[in-house]
């Protein structure tokens, strides 16, 4: 127990420092190349902080742990959207660019709807099983490529935004900070996740509950650390871009790659898991509602801004969802 706790704390320290390196390096590159920090958040930072989900899900895909794959992605996106935006919005109200309102948040919502359509084969096509096939995975990956095309086109029109003074490093140092930060995020996330699961098992919690909560939260800790650091530095575009970008990456890139490696079975009726399917669909519905709430919050109170009261609402919604998960399991 003591060793688990010690390694857990060590993992948190590595996570926070890695997030600091990543944000500093990415911000430096944005300033040096006059590239929007939002774009950096949507690409470099989002990919780096999604690395734990990618690693864990590839392992789960090879091992055939399908519920863990879907649970990790849905749970991570829920934690990103509701908990992390809630915490960071309370730290510092988050100003959101118009492009996020018009394109990035709706694109994230489209990803949720598309995933629901692709995996509910029995309901939509009358198939015998529900499956994320390789064809479905290619569709998701094509969506990821479309998102990258949007980012590329945005590079031509967006410039760096003002915020707290950004320290500028040389290109090699900036790249080294980003690479080192990503490495620390992956290592720290692994330490935190593995030792949190170890502690949970000592207290007799079910593996299903661990997967839906601790595993999802553990692989999202890099997003939490990175986004909180960005909020403290008042670099809100990195904070917003990181969350939205990570959620898009998780669905389109990670599930796309997982499904191309090996088709992923969605719990279905024929295997006596109708309840499990309903549970996963319910989680997708909650994620869609949360994304819609984010979109609506852009038009309430301060326009294009997540105020502290709205951020508190996201946090309360996540706590209510967590209570529902515990009660459900």
### Query
Once label points are set 7 Å from the Cα along Cα→Cβ at both residue 308 and residue 117, what is their separation, rounded to one decimal in nm?
4.2 nm
### Query
What is the extension gain from residue 179 to residue 320, computed as 0.36 nm multiplied by their sequence separation minus the C-alpha to C-alpha distance, in nm to one decimal?
47.1 nm
### Segment residue 232-residue 261, length gained on full extension (0.36 nm per residue, minus Cα span)
6.5 nm
### Message
Could you check the spin-label model distance between residue 282 and residue 6? Points 7 Å from the Cα along Cα→Cβ, value in nm.
### Response
4.1 nm
### Query
Sorted by packing (mean other beta-carbon atoms within 10 Å per residue), highest first, where do 15-22, 146-153, 173-180, 122-129 land?
15-22, 173-180, 146-153, 122-129
### Summary
Checking rank on 184-194, 110-120, 66-76, with mean other Cβ inside 10 Å and highest first, the result is 66-76, 184-194, 110-120
### Task
Return the FRET efficiency for the residue pair residue 13, residue 138: r is the Cβ-Cβ distance, R0 is 35 Å, and the value is rounded to the nearest 0.05.
0.30
### Message
Suppose R0 equals 30 Å. What FRET efficiency, 1/(1 + (r/R0)^6) with r the Cβ-Cβ distance, do residue 110 and residue 33 give to the nearest 0.05?
### Response
0.55
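Taken together, the values in this text are just the output of simple stated rules run on the coordinates, not laboratory data. Since we're looking at a predicted model, the values are computed, not measured. Note that each Cβ is placed from the backbone with ideal geometry, even for glycine, and that neighbours are counted across all protein chains shown.
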